[in-house]
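What follows is one structure encoded as structure tokens, with my remarks underneath.
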RNA sequence: GGAGAGGUGGCCGAGCUGGCUUAAGGCGUACGCCUGCUAAGCGUAUGAGGGUCAAAAGCUCUCCGAGGGUUCGAAUCCCUCCCUCUCCGCCA
């Protein structure tokens with residue numbers, strides 16, 4: 001959510017952001033409602049002040065045994081007007097709040113305007129492996145080594161719910177362990193194991209609601225949502241709080257499964273592990289002081305990139321164009337690794353600075369060095385999504401005899417196994 | 001699922017037979033005074049958000065779990081919901 005004052009004073013900037021992000025939000029209507037609400041608020045406050053004053057007088061009269069029927073009669077009228085103004089004010093405010101939730105965050109100045117084709121290449125590391133034999137894709141490899149059972153997953157739940165089996169499960173777990181250990185010990189994050197079901201307020205706080213309602217699994221009987229990313233519970237962890245300065249920065253990391261309905265994307269990349277209804281991810285979240293968030297994002301990019309380097313996977317880093325930015329994001333970098341099987345780059349991490357956009361929605365504030373209360377900045381980034389790393393590893397590390405080498409950093413987590 | 005108790009300011013905690021409560025009192029915190037030092041003591045201050053204002057001050061509105069209602073007036077009465085605790089039941 002943007003600051004209403006900011007919208008009032010920089011309407012053009014906001015309009016441009018809405019257009020660049022391809023969102024729909026009626027800024028003129030917001031401005032009109034804001035104006036109307038402030039007028040109404042003024043009328044209400046003035047009358048309410050009168051009411052408070054006279055009510056006190058009535059109390060005094062009664063206490064002294066004096067007659068207050070004159071006052072009572074006139075107050076009866078005022079009370080009616082106050083009630084009327086109050087409900088009109090509530091209507092304006094509800095509508096204003098609803099609209100404010102539909103206005104996206106402003107992209108950073110260096111974010112390219114445009115769609116996916118306009119994403120800016122920031123850096124590259126390593127070179128995609130060349131093969132002197134015809135490499136198999138991860139589907140074939142997973143089947144050959146019984147790493148993932150897609151058919152039985154479909155039997156249990158439907159497509160998009162893979163079952164990791166045997167060494168596949170071991171590899172998946174090793175990836176998670178390796179990533180968590182690295183972020184905890186090398187990067188200083190605190191591990192969190194959060195709930196996988198969260199309420200409407202939490203989903204609204206990080207910005208999934210109202211826009212992404214159709215993409216999430218919703219438990220109607222309890223009005224809870226399955227998390228599409230652990231960003232939601234991690235970032236909402238401190239919602240409604242005013243943190244002491246000493247508590248910043250906060251750095252949280254969590255491993256969770258994630259659930260996405262992927263409504264409307266049937267037929268698009270549905271084979272294998274690349275697009276799933278349930279997938280695993282290690283997620284990093286930071287809360288910082290406003291002046292520290294840009295630097296924090298750079299660090300998080302490096303932390304995610306470190307994992308891919310350790311795994312020996314060629315990657316590239318992109319700065320997403322406005323059309324590819326999420327609703328709440330100010331700036332987002334994607335890390336993509338090369339998939340020899342798919343012959344294309346796969347997004348394994350998406351790292352974003354939200355500035356105070358989410359913090360304002362969920363009310364995460366802190367007391368700064370001047371003792372003033374201000375919104376924190378929130379950031380998050382995958383560190384990483386195993387469902388994309390997994391195929392990249394089995395494809396990249398395959399040998400001509402069909403076996404798969406285990407990357408060295410994972411071996412300690414796989415009972416010393418060197419080959420699958 | 002059933003029965004009961006409760007949710008008040010950073011914390012504890014009174015108020016809850018509706019009106020000098022603009023929420024007592026305490027703890028904590030900050031500043032000052034006092035005192036060889038420390039402790040104690042004394043004094044003052046100490047929530048968030050909005051409106052008005054160039055800004056500050058000031059004035060004012062809202063907030064006592066959330067949302068409705070009754071009333072001239074609600075922390076206080078009524079209704080719905082959420083959460084916590086205790087007991088019972090059911091169950092992985």
Residue in the stretch A:148-157 that is without any contact (Cβ under 8 Å) to a residue 12 or more places away in the chain and surrounded by 15 or more Cβ atoms within 10 Å (Cβ to Cβ) present: yes
Just for strands (runs of 3 or more DSSP E) wholly inside the stretch A:312-383: which have at least 2 residues that are within 30 Å of residue A:178 (Cβ to Cβ), touching a strand residue (DSSP E or B) at 6+ places or on another chain (Cβ under 6 Å) and assigned by TED's automatic domain parsing to the domain that holds residue A:282? A:315-319, A:331-339, A:344-353
Please specify each residue of the stretch A:341-360 satisfying the condition of being surrounded by fewer than 24 Cβ atoms within 10 Å (Cβ to Cβ), within 16 Å of RNA strand B (Cβ to nearest atom) and farther than 24 Å from residue A:188 by Cβ. A:360
In the set A:298, A:283, A:289, A:303, the lone residue that is assigned by TED's automatic domain parsing to the domain that holds residue A:160 and free of Cβ contacts under 8 Å to residues at least 24 places away in the same chain is A:298
Can you find even one residue in the stretch A:240-253 that is in contact with a helix residue (DSSP H, G or I) (Cβ under 8 Å, 6 or more places away or on another chain), closer than 30 Å to residue A:394 by Cα, part of a helix (DSSP H, G or I) and modelled with pLDDT of 90 or more? no
Considering (1) touching a strand residue (DSSP E or B) at 6+ places or on another chain (Cβ under 6 Å); (2) under 17 Å from residue A:280 (Cβ atoms); (3) without any contact (Cβ under 8 Å) to a residue 60 or more places away in the chain, say which one residue A:181 fails and leave the rest. (1)
Subset of the stretch A:139-198, residues outside any helix (DSSP H, G or I) and under 15 Å from residue A:255 (Cα atoms), comes to A:189, A:190, A:191, A:192, A:193, A:194, A:195, A:196, A:197
Within the stretch A:110-123, track down each residue that is loosely packed, with under 14 Cβ neighbours inside 10 Å and touching a strand residue (DSSP E or B) at 6+ places or on another chain (Cβ under 9 Å). A:110, A:121, A:122, A:123
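The values are calculated or read from the model by the stated rules, or taken from the named source; none is laboratory data. As the structure is a prediction and not an experimental result, all values here were calculated from the model. Every residue, glycine among them, receives a Cβ derived from its backbone with ideal geometry; neighbour counts consider all protein chains shown.
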